[in-house]
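Notes to accompany the following structure.
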Amino acid sequence: MKNYTANRHRQALTLVALIASAAVSLPAKAQPLWGTETSVRVADVHTGSGQDNQTFASGGGPGIWGNQSLIDDAVSLDSFGNGPHDRGITQAYSSLRFNNGQVPALRARSILTGNTSGRAGVNGAVVGASAFASELFQYVGVSPATLTLTFTLEGEVFDPVPEPLFDGTDIHAPVAVFETTNYDFIDDLSTLIFEQGAIPKALDDTTLVIEDDTNGAAIVLTTELAFDVEPDEQFYVWAELQTGAFRGTRFADAFGTLTAEFDQPDLVVPLSVPEPSTCALLLLAAIGPCARSRERHGLP
């Protein structure tokens, strides 16, 4: 039994090595234009609206399936190495979902405590978060069709008395569908369209916005993007979720998620795929626990 189990171990490890070596020998290929990206920041606010002492965190990029960025100012030092000041917490999360018809899920929140860094001239703080995703899909229907993609945003804003000089507490979620021509992994709509030359099939950057106080409850907003497709046509779904809070104990919380779904999910297939090297690591991670489990139960 032990020899049989050892042989299975060797076979599994050999398979992993073959996959890994194949990945190493593959020729370099173009960077994918699907992926996820997140960024968050905390900064001091001076009299007026000037900002400095910014702490920033970010991650993700093209080809990255999921990413999260977080700054908890209760445990983090500021840009000068001082603190922690407990000015607030800001978090962003983005993940691709891989199943037919499933669009990336985005979450973001920006919450202030009312504390400041205590530096001279500082009378507040600002926090911000941004979650972004780009996913490549293909329509697999046999005849031309009009697809509808419905986005749903759930969020809560606490801003009972807006700042007179700068009302920076809000939630904003621009969304779009693009042709593949001239498309790139860019998280700014204006840059993507007017500088890169990407061609939108449908977009909405005005509906999914929560700017006013929501009276202590989360509200839900929806928008529909309708666009025409031909059989086997590929297209990108582009989505970004931004939250910000400025001074006081204000907050903008959209961690209830920005999600979306197609009206014909069985006819829409995501084309993001793992790299072979990633497959090898996933296989290795799966084989180890499985083999150990079988050994404990005396199974080959």
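The values are calculated or read from the model by the stated rules, or taken from the named source; none is laboratory data. Computed from a predicted model, the values in this text were never measured in an experiment. Cβ: placed from backbone, ideal geometry, glycine included. Neighbour counts: every protein chain shown.
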Given (1) in contact with a strand residue (DSSP E or B) (Cβ under 8 Å, 6 or more places away or on another chain); (2) among the small types (Gly, Ala, Ser); (3) over 21 Å from Lys201 (Cα atoms), number of the condition Gly83 does not satisfy: (1)
Selection within segment 201-222 - surrounded by 19 or more Cβ atoms within 10 Å (Cβ to Cβ) and touching a Ser or Thr at 6+ places or on another chain (Cβ under 7 Å): Leu208
Residue within segment 145-166 that is in contact with a helix residue (DSSP H, G or I) (Cβ under 9 Å, 6 or more places away or on another chain), surrounded by 14 or more Cβ atoms within 10 Å (Cβ to Cβ) and of a type in the set (Phe, Trp, Tyr) present: no
Identity of the residue in segment 38-62, on the phi > 0 side of the Ramachandran plot and at pLDDT below 95, that ends up surrounded by the most Cβ atoms within 10 Å (Cβ to Cβ): Asn53
Filtered residue count, segment 222-246, keeping only those that are of a type in the set (A, V, I, L, M) and closer than 27 Å to Ser58 by Cα: 4
Qualifying residues in segment 238-269 (those that are under 21 Å from the mean Cα position of the chain (by Cα) and of a type in the set (S, T, N, Q)) - the one nearest to Ser134 (Cα to Cα): Thr259
Pairs where the first residue, in segment 58-84, is outside the structural domain of Trp238 (by TED's automatic domain parsing) and the second is assigned to a loop (DSSP other than H, G, I, E, B) and surrounded by fewer than 14 Cβ atoms within 10 Å (Cβ to Cβ), C-beta under 9 Å, 6+ apart: none
Test: residue in segment 139-151 that is in contact with a Phe, Trp or Tyr (Cβ under 9 Å, 6 or more places away or on another chain), within 30 Å of Ala43 (Cβ to Cβ) and in the same structural domain as Thr243 (by TED's automatic domain parsing): no
